[in-house]
Amino acid sequence: MKTDTPVVPKKYIAVFVMLTSCFALWGLLNNMTDNLVPSFQKIFMTSQSTAGFVQVSFYGAYSVIAIFASLLIQKAGYRVGVLFGLGVYVIGALLYVPACILQSFWTYIAGIFIVAGGCAVLETTCNPYVLALGDEATAVRRLNFAQMFNPLGSLAGIVLAQQLILANLNPATTEERLQMPKEALDKIVHNELFWVCVPYVGLCAIAAMIWFFFFFRKPTEIDRDESASTDIREVLSILAHSPKWYCGVIAQVFYVGVQIAAWTWMNVYCQKELGVTPAQGASYYLIALCLFIGCRWICTFLMKYFEPAKMMAVFAFFAVLSGFGVMYLKSDVLFTVGSLPFSWNIIALCAMSGFMSLMFPTIYGIGLGGIDPKAHKLGAAGLIMAIVGGALLTPWMASIIDKPGFWANLVPMFDSTVDANLQASSQSLRASFIVPVICFSVVMVYALAFRSKKGKAVAA
């Protein structure tokens, strides 16, 4: 029905604009961080498992910070949550500077954890903040509009990583680096780490601008939430008796885990299978993300006509098939677009991103659908905490890449020779994609278990 109620009241437009900037900011940081794994593996000459600590640190922070952020905004309000999240991000980003000077991998890991902590606070705060900026009848439209800026930030993150970080990696292989004099190697590493710092430290200016906006803006009536006085035991009881919610948290762990893991090793997989450079590998990532964004918009439209849970089940099924395609399809080049070659397994790898596009918001919506509003804050925090899946499943894929062991029996027909530069073989990389197959299967089971004839899940 047509309504004259504005999506965002005039008095909140400036706040809304600044909040959408935060959506773009953490989307940008998430996808830029994915490219640090192959970068650090090359710069610090580590194994894939050690480089995977980038994702363990980034997404592990969500499991530590999300509940704290939920309690913070209940007690102090949304405005304080945004200020705190942005402040934490700036502190973490500035830690990249001494990490560059010291050429310290673990100092970077500490900085990444702090940056991710800031993102966790922002993500836990901004979603309900946007919902509160106006009439309840337009809340879902308002949040969906704000979320459009998240994948746009993700695109920007890939471009920044490609043009500033990956493009400035020295082409010297691990073997060549080991043979270099220490002074020459230090100079190369310092230059590479300098370009790692540039985008993260540069974004501090944008974060500071948003921080000062909220700092000087007076608190409004929506900066405190009525649920602050709710008995926490009552909330926990509500959630404990909501299988859609706690099974949703489990499904979200597997979904976020597979998204991060698949995107993390996508670049390395493309390098090994097609012999492309790291910068070219980022182009496949960009294509995958465009598919992800396009399919999300299409799915949002189709949900007017089809039940979200059933749509997710279908998409999860095809995502499973894509995972098998990455494992078993050949890498013979079919065609070339510009300088990028494409094969059936690479097409399957990119298609996987399109099939996963609707999963996070759909699981989020199903999980919170029909739950007492008193439990929305803590319930939402639990679903955000599920982002820890990125810290749990990325190392699993990394361990298979480093030492495939039993998993190599799944793809015995492929070459097991380890590339000294990538620290991986075609066999181990292909075998590692059994993890996405398993994860998408879990999402499919959740979708089928909680499908509804009415299909009225809460939008997220």
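The values are calculated or read from the model by the stated rules, or taken from the named source; none is laboratory data. No experiment lies behind these values; they were computed from the predicted model shown. A quick note on method: Cβ atoms are made from the backbone with ideal geometry, for glycine too, and the neighbour counts reach across all protein chains shown.
Take the conditions (1) out of contact with any Gly (no Cβ under 6 Å at 6 or more places or on another chain); (2) modelled with pLDDT under 85; (3) over 24 Å from residue 284 (Cβ atoms); residue 72 misses just one of them, which is (1). The condition of being assigned by TED's automatic domain parsing to the domain that holds residue 238 and touching a strand residue (DSSP E or B) at 6+ places or on another chain (Cβ under 8 Å) holds for only one of 418, 411, that being 418. Exactly one residue out of 256, 235, 249, 201 is over 30 Å from residue 445 (Cβ atoms) and either charged (D, E, K, R) or part of a helix (DSSP H, G or I) (or both), and it is 201.
Among the residues of segment 95-108, those identified as part of a helix (DSSP H, G or I) and surrounded by fewer than 17 Cβ atoms within 10 Å (Cβ to Cβ) are 97, 98, 101, 102, 106. For segment 203-217, indicate whether the set of residues that are outside the structural domain of residue 79 (by TED's automatic domain parsing), small (Gly, Ala, Ser), farther than 30 Å from residue 283 by Cβ and in contact with a helix residue (DSSP H, G or I) (Cβ under 7 Å, 6 or more places away or on another chain) is non-empty. No, segment 203-217 contains no residue that is outside the structural domain of residue 79 (by TED's automatic domain parsing), small (Gly, Ala, Ser), farther than 30 Å from residue 283 by Cβ and in contact with a helix residue (DSSP H, G or I) (Cβ under 7 Å, 6 or more places away or on another chain). Filtering segment 176-223 to residues that are more than 30 Å from the chain's Cα centre (by Cα) and over 22 Å from residue 36 (Cβ atoms) leaves 179, 180, 181, 182, 183, 184, 216, 217, 218, 219, 220, 221.
No other residue among 8, 64, 54, 17 is surrounded by fewer than 24 Cβ atoms within 10 Å (Cβ to Cβ) and more than 24 Å from residue 213 (Cα to Cα) apart from 64.
Only one entry of 90, 82 meets the criterion of being of a type in the set (Val, Ile, Thr) and over 25 Å from residue 192 (Cα atoms), and that entry is 82.
For segment 322-329, the criterion of being without any contact (Cβ under 8 Å) to a residue 12 or more places away in the chain, surrounded by fewer than 19 Cβ atoms within 10 Å (Cβ to Cβ) and more than 13 Å from residue 436 (Cβ to Cβ) is satisfied by no residue at all. Taken over segment 40-55, residues that are touching a Phe, Trp or Tyr at 6+ places or on another chain (Cβ under 9 Å) and in a helix (DSSP H, G or I) amount to 7. With respect to the stated conditions, residue 182 is loosely packed, with under 13 Cβ neighbours inside 10 Å and farther than 18 Å from residue 83 by Cα. Does residue 14 count as at pLDDT 85 or above and of a type in the set (Gly, Ala, Ser)? Yes: the conditions hold for residue 14. Meeting the requirement of 3 or more residues that are small (Gly, Ala, Ser), the helices (runs of 4 or more DSSP H) wholly within segment 318-397 are 344-355, 376-385.
Take residue 82 and tell me if it is part of a helix (DSSP H, G or I), closer than 19 Å to residue 125 by Cβ and not assigned by TED's automatic domain parsing to the domain that holds residue 293. So residue 82 passes the test. When 334, 340, 329 are checked against the criterion of being over 23 Å from residue 252 (Cβ atoms), touching a strand residue (DSSP E or B) at 6+ places or on another chain (Cβ under 7 Å) and not assigned by TED's automatic domain parsing to the domain that holds residue 54, a single residue qualifies: 334.
The selection criterion, being surrounded by fewer than 24 Cβ atoms within 10 Å (Cβ to Cβ), closer than 29 Å to residue 68 by Cα and not polar (S, T, N, Q), holds for residue 361. In this entry, residue 134 is excluded by the filter for residues that are at pLDDT 85 or above and in the same structural domain as residue 22 (by TED's automatic domain parsing).
What tally of residues in segment 365-420 results from selecting those that are farther than 21 Å from residue 258 by Cβ and touching a residue at least 40 places away in the same chain (Cβ under 8 Å)? Of the residues in that region, 16 qualify. Only one entry in 115, 159 is in contact (Cβ under 8 Å) with a residue 12 or more places away in the chain and either under 30 Å from residue 221 (Cα atoms) or outside the structural domain of residue 22 (by TED's automatic domain parsing) (or both), namely 115. Residue pairs whose Cβ atoms lie under 7 Å apart, separated by 6 or more positions or on different chains, with the first residue in segment 1-20 and among the polar types (S, T, N, Q) and the second crowded, with 17+ Cβ neighbours inside 10 Å and at pLDDT below 85, are 5/138; 20/146; 20/149. Restricting 305, 246 to residues that are more than 20 Å from residue 62 (Cβ to Cβ) and surrounded by fewer than 18 Cβ atoms within 10 Å (Cβ to Cβ) narrows the list to 305.
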